[in-house]
1. Test each condition in (1) among the small types (G, A, S); (2) out of contact with any strand residue (DSSP E or B) (no Cβ under 6 Å at 6 or more places or on another chain); (3) crowded, with 21+ Cβ neighbours inside 10 Å for S88 and report the one that comes out false.
2. State which residue is surrounded by the most Cβ atoms within 10 Å (Cβ to Cβ) when the search covers only the stretch 40-57 and only residues that are within 19 Å of G85 (Cβ to Cβ) and in contact with a Ser or Thr (Cβ under 8 Å, 6 or more places away or on another chain).
3. Is there any pair with a first residue in the stretch 97-108 that is within 18 Å of E63 (Cβ to Cβ) and a second that is assigned to a loop (DSSP other than H, G, I, E, B) whose Cβ atoms are under 8 Å apart and which are 6 or more apart or on different chains, and what are they?
4. For the stretch 172-194, which positions are loosely packed, with under 13 Cβ neighbours inside 10 Å and among the hydroxyl-bearing types (S, T, Y)?
5. Across the stretch 14-39, which residue is nearest to N90 (Cα to Cα) among those that are at pLDDT 90 or above and surrounded by fewer than 19 Cβ atoms within 10 Å (Cβ to Cβ)?
6. Could you check, for the stretch 220-227, whether at least one of its residues is hydroxyl-bearing (S, T, Y) and either within 17 Å of the chain's Cα centre (by Cα) or under 20 Å from L49 (Cβ atoms) (or both)?
7. So is K7 assigned to a helix (DSSP H, G or I), at pLDDT 90 or above and farther than 25 Å from H167 by Cα or not?
8. Give the stretch 153-171 a look and list any residue that's surrounded by fewer than 13 Cβ atoms within 10 Å (Cβ to Cβ) and in contact (Cβ under 8 Å) with a residue 24 or more places away in the chain, or say none.
Amino acid sequence: MNLYKMKTLYFLAILSFWTSRNIFAQSRKIIDVHFHTRSAGDYGPVPPLNPITGKSPKAGTNEEIYNTNSALLKKYNVVKAICSGTLSRNTDFISKDPTRFISSLEFPDHQNNSLPDTTLFKKLFQERRFFIFGELGLQYEGKTLSEPAFEPYLSICERLGIPVAVHTGEAAPETPYNCCPDFTIDAGRPLHLESVLKKHPMLKLQMMHMGYPFLEETKAILNVYPQVYVDISAIDWLVPKEEFYNYLKSLMIAGFGKRIMYGSDQMIWSEAISLSIKTLENAPFLNEKQKEDIFYNNAVRFFGIK
């Protein structure tokens, strides 16, 4: 066999290998446990540029926002997306694609900074207006989940089996100056959740953003409290790739691979979906079974998705 033929066969073999991997990746079922149903204008008349791509959000109307995100979810086979947003906007998404979207009650959201009272909270859940309580962005107000005001809601969630999703870790640079003067880094520390977990042993708790960058606190919480899961949202595309990989790998080595879930934290930059999926797909230390767990299986178990 001459050198030309050998090179040709080698090239075809490599092409076949990567083609099969891409087909597999596109057919892989994915659940996005941290997705936002934002509305046009939520980030002002001129929304900020994507900090990674430098591009401006293209969708200028609610319909465009839905169409853009829906197309990407379908492209990447995201079969379920947990919608964190106003209930009215969640309902809009669900009405267009009822099998893909699951409603989650965000607090505070972009249009209302007050919680429904506990009677209405239970009623909304019983009417299936929401299934998850969160994202709870309490850190942006300098608050933690352990404050007395949230205790009645946590008791309801524990009793009714409602998962609670809370923002942990950091935020964008200059957050206290640009949007949220009461924001503190300290309020996002995972250890602030311990008193809640001790009081509510049956409460299912989702630590958003994997507690980043508080790695040791995140490990400690996951080790002691098996009802806690984490999602990889935002840091799976917003922080340097090697930094994210090191953080995720550390949790995998520590034995928490069955309690890590995929999330995009798609807000106004729809490309967050593709960027985050590709980052996880390309993680060199994860095998296919581990990727399937993070992309799909762990969320099915945590949320009871069928």
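The values are calculated or read from the model by the stated rules, or taken from the named source; none is laboratory data. Quantities reported herein were computed from a predicted structural model and do not represent experimental measurements. Cβ placement follows ideal geometry from the backbone for every residue including glycine, while neighbour counts extend to all protein chains displayed.
1. It fails just one condition, (3).
2. The initial filter retains those residues of the stretch 40-57 that are within 19 Å of G85 (Cβ to Cβ), namely 40-44, 47-48, 57.
Checking the rest, the ones that are also in contact with a Ser or Thr (Cβ under 8 Å, 6 or more places away or on another chain) come to 40, 47, 57.
Working: A40: 16, P47: 18, P57: 21.
Ranking the candidates gives P57 first.
3. F101/T37
4. Y177
5. Among them, the one singled out is K29.
6. no
7. Numbers: assigned to a helix (DSSP H, G or I): yes; at pLDDT 90 or above: no; farther than 25 Å from H167 by Cα: yes.
The answer is no for K7.
8. Within the stretch 153-171, the first condition is being surrounded by fewer than 13 Cβ atoms within 10 Å (Cβ to Cβ), and the residues that meet it are 159-161.
Answer for the stretch 153-171, where residues must be surrounded by fewer than 13 Cβ atoms within 10 Å (Cβ to Cβ) and in contact (Cβ under 8 Å) with a residue 24 or more places away in the chain: L160, G161.
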